[in-house]
1. Hey, can you grab everything whose amide H is under 5 Å from the amide H of Arg245? Only 5+ residues off in sequence or another chain; H modelled, so Pro and N-termini drop out.
2. Just Thr324, Thr365, Thr298 to compare: in a GNM of the chain, with alpha carbon springs under 10 Å, which one fluctuates most?
3. Where Lys and Arg each count +1 and Asp and Glu each count -1, what net charge lies around Asp143 among other residues with Cβ under 12 Å from its Cβ?
4. Please identify the chymotrypsin sites (Phe, Trp or Tyr not before Pro) of segment 147-256 that satisfy two criteria: DSSP loop assignment and at most 15 other Cβ atoms within 10 Å. Which are they?
5. List the residues whose amide H sits under 5 Å from the amide H of Ile382, counting only those 5 or more places along or on another chain, with H placed 1.01 Å from N in the peptide plane.
6. Short version: ³J(HN,Hα) in whole Hz for each residue of segment 368-378, in order, from phi by Karplus 6.51 cos²θ - 1.76 cosθ + 1.60 (θ = phi - 60°), x for Gly and Pro, what are they?
7. Each residue of segment 273-290 in turn: what ³J(HN,Hα) in whole Hz from Karplus with 6.51, -1.76, 1.60 and θ = phi - 60°, glycine and Pro shown as x?
8. Which one, Asp353, Asp284, Asp214, has the greatest fluctuation when you compute a Gaussian network model over the chain with C-alpha springs under 10 angstrom?
Amino acid sequence: MKTSKKEKGMSKVRILVGTRKGAFVLTSDAKRQQWDINGPHFGGWEMYHLKGSPADPNRLYASQTSSWFGQIIQRSDDGGKTWIQPGTPPGEPTTTPDGMPKGESNKFVYDGVPGTHQWYDGTPHPWEFKRVWHLEPSLTDPDTVYAGVEDAALFRSTDGGQTWQELPELRAAKGNLWQPGAGGMCLHTILLDRSNPERIFIAISAAGVFRTDDAGKTWRPTNRGLKSQYELPDPNAEVGHCVHRIAMHPSRPNVLFMQKHWDVMRSDDTGESWHEVSGNLPTDFGFPIDVHAHEPETIYVVPIKSDSEHYPPDGKLRVYRSRTGGNEWEALTKGLPQQDCYVNVLRDAMAVDSLDPCGVYFGTTGGQVYASVNAGDSWAPIVRDLPAVFSVEVQAVP
């Protein structure tokens, strides 16, 4: 394979995989043909998300969680070789004698009196912190990182994950009307606008998309055009929509793409309005959505049969690609199982690298991680037998 201009200076590619039973770090050179599998880190723990800092590729953050022991934030300063709980002095125990996490880095406390949100049956329910779903490092400062949590709220750390403060004005955007989706009321997507440091987009299941233009001081819903006829009888409901994932190309932050509970959607005005671009997809239910590194109109989704049958239609695992920003879709099947395949691909389990041609990666609930080094034209498994994959992130490392 000929080395492209964008590959020069990139010595390796690092994939960060969070699974139901630990974290794995997969590394390769720029050809992306042979992979080293390192892990599990934190074996036995649910690793909801791992992500590296764009400002320092060796600074990684990870969300380690357990329904029994609670939430732990982990940080690596050497690309995943070693990990620490930020703020815990070296040599000190990081858990209590009964195994519960301790330390400021693991405290997520809602600001003020949280109040209530809606429960599944529409009744008021108190806000309760459960876990961190997504970590989004700052584009420019390795010590600044955002955390999207359940029950849905946005937290920020400016000291490398040692302490966390909520951006409480988000919950002021009709938070009393938000309610859980099937997987809980989670803030699962955080998009930072490279061209405007004060603009952040977030998505919550099941509340919708929200935007701030002043670094979190104020927020407002940006869900006009979304239809949720089964969940929300009011076609003009501002909040309550079950958004599964949003994505944007860094060069074009005014254009957003969305995989909703049903419908693939697009906005050309920074979320002010949305229109459907599901087109010829076999089903418009799914979880992940992502954008090609160098073609802002090329997007990827993984259709799943329905909201009750979380597996591919006809038992065929297919990624669908649109080169026209939606509506017209092609099935990408080369190298993917086309019979008897009943895995799911979760919302944070797809990533695209910055090389040229760009690599596309996704993980499944069956423990496979697939890679395409030619923007989706063909696929090959990197590893087949991991625990169920929750998240996949990729870094091109100098």
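1. Residues meeting the criterion, in which the H sits 1.01 Å from N, are Gln259.
2. Answer for the Gaussian network model of the chain: Thr324.
3. For residues surrounding Asp143, the net value is -1.
4. Tyr230
5. Result for Ile382 returns Val369, Tyr370, Ala371.
6. Couplings: 8, 10, 9, 10, 10, 9, 10, 6, x, 4, 8 Hz.
7. Each residue's phi maps through the Karplus curve to give 8, 10, 9, 7, 10, 5, x, 9, 4, x, 7, 9, 8, x, 10, x, 8, 8 Hz.
8. Top of the fluctuation ranking is Asp214.
The values are calculated or read from the model by the stated rules, or taken from the named source; none is laboratory data. The model shown is predicted, which means the values in this text are computed figures rather than measured ones. Here the Cβ is made from the backbone with ideal geometry for all residues, glycine too, and neighbour counts use every protein chain on show. Remember, those area values only see protein heavy atoms, side chains included, never the ligands or the DNA or RNA. Shrake-Rupley method; radii C 1.70, N 1.55, O 1.52, S 1.80 Å.
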